[in-house]
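The values are calculated or read from the model by the stated rules, or taken from the named source; none is laboratory data. Computed from a predicted structure; not experimentally measured. Note that each Cβ is placed from the backbone with ideal geometry, even for glycine, and that neighbours are counted across all protein chains shown. Only protein heavy atoms, including side chains, enter the accessible area calculation; ligands, DNA and RNA are left aside. Shrake-Rupley method; radii C 1.70, N 1.55, O 1.52, S 1.80 Å.
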Amino acid sequence: MLYSVKCPNCGAEQKGLDLKETNGSVVCSECEMQFKVKVEEKKEAIQKAEAAE
């Protein structure tokens, strides 16, 4: 599953990320800061959004 996340430093959207492959690690394409995304929390947020639709 591919995810989109926003960089906590500059707010740039990072699209098409396979967070399972990288264990949640992301490097921002704009500011080049490395940050970690909790994959399980991201999955829960997506499921809640889909259920609300």
I need a count of the residues in region 1-32 that are out of contact with any helix residue (DSSP H, G or I) (no Cβ under 9 Å at 6 or more places or on another chain), under 13 Å from LYS43 (Cα atoms) and either assigned to a loop (DSSP other than H, G, I, E, B) or acidic (Asp, Glu) (or both).
2
Restricting attention to region 33-44, and to residues there that are open to solvent by 60 Å² or more (accessible area, probe 1.4 Å) and at pLDDT below 80, which single residue is farthest from ASN23 (Cα to Cα)?
GLU44
